[in-house]
Amino acid sequence: MSTITVKDGTTIYYKDWGSGQPIVFSHGWPLSADDWDTQMLFFVNRSYRVIAHDRRGHGRSSQTSDGHDMDHYADDLAALTAHLDLKNAIHVGHSTGGGEVVRYLARHGESRVAKAAIISAVPPLMLKTAANPGGLPKEVFDGLQAQLAANRSQFYFDVAAGPFYGYNRPGAKASQAVIWNWWRQGMMGGAKAHYDGIVAFSQTDFTEDLKKINVPVLVMHSEDDQIVPYADAGPLSAKLLRNSTFKGYKGFPHGMPTTEADTICSDLLAFFKGTAKAAA
């Protein structure tokens, strides 16, 4: 396996395929680099170099007790890009991974980066506060932690079989293979990392991070996202970014890189090649 060891001793697993302009993929909670397999195959077959890592405490990386916050996530990503000496890279983040990408760009600068894309991503802030009245109440996230602590296996099955892929919508045709692959990835990781990660993705405020970013960023979000509600996420991030293209979707689920892979891959490719058109 390909791994690096970061400064606090945590081992980070990554995959690195192909050659050409690098695309670095950051996955969602509580998954792994495997969640990007469809996109990695798509882009490696179009002469890109594709890289994806398992976040600390997730997948095949160390099940460390500490460091499950956006600063550590961003620092681990920076360590990986430095280790691989990436230049002119494109960073793509889904959900929590979108937050990781935003924090990485704001915290470590853009000298290695050409563009970025955030999909169904958690910025600017998921939590309801006085300054963010459209967010979700803290009780929602406390409930997620309680379910994880009580029966992580059942909780992960229920998330994948229901709101993550929109399989709870009338007429939806659920894929058992997709559900079990989500469950498999989740159960590979560490309960402590995933428990703490709920706080990281829900309570981190990325407002100032977004304002610092200069590279072009594609923001992709669906109006039917049941995990990261649309109105308080994608459109607001696009407004805070200096150089954004917003792409809205209707009827796609939070996990649209999997269920709507053809559309998402096509739209990403258009953005990478500079032919993307904004659409709401």
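The values are calculated or read from the model by the stated rules, or taken from the named source; none is laboratory data. Predicted model only: the values in this text are computed from it and were never measured. Cβ: placed from backbone, ideal geometry, glycine included. Neighbour counts: every protein chain shown. Calculation scope for accessible area: heavy atoms of the full protein, side chains included, ligands and nucleic acids excluded. Shrake-Rupley method; radii C 1.70, N 1.55, O 1.52, S 1.80 Å.
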Residue within region 3-12 that is on the phi < 0 side of the Ramachandran plot and within 19 Å of the chain's Cα centre (by Cα) present: yes
Any pair with Cβ under 6 angstrom, 6 or more apart, that starts in region 205-228 at a residue that is touching a residue at least 40 places away in the same chain (Cβ under 8 Å) and ends at one that is loosely packed, with under 15 Cβ neighbours inside 10 Å: ASN214/ARG242; PRO216/ASN243; ASP224/GLY251
Residue count for region 234-244, restricted to those that are open to solvent by less than 40 Å² (accessible area, probe 1.4 Å) and out of contact with any Gly (no Cβ under 9 Å at 6 or more places or on another chain): 2
Number of positions in region 208-233 that are open to solvent by 30 Å² or more (accessible area, probe 1.4 Å) and more than 17 Å from the chain's Cα centre (by Cα): 8
Residue list for region 15-28, restricted to those being surrounded by fewer than 21 Cβ atoms within 10 Å (Cβ to Cβ) and closer than 19 Å to ARG184 by Cα: LYS15
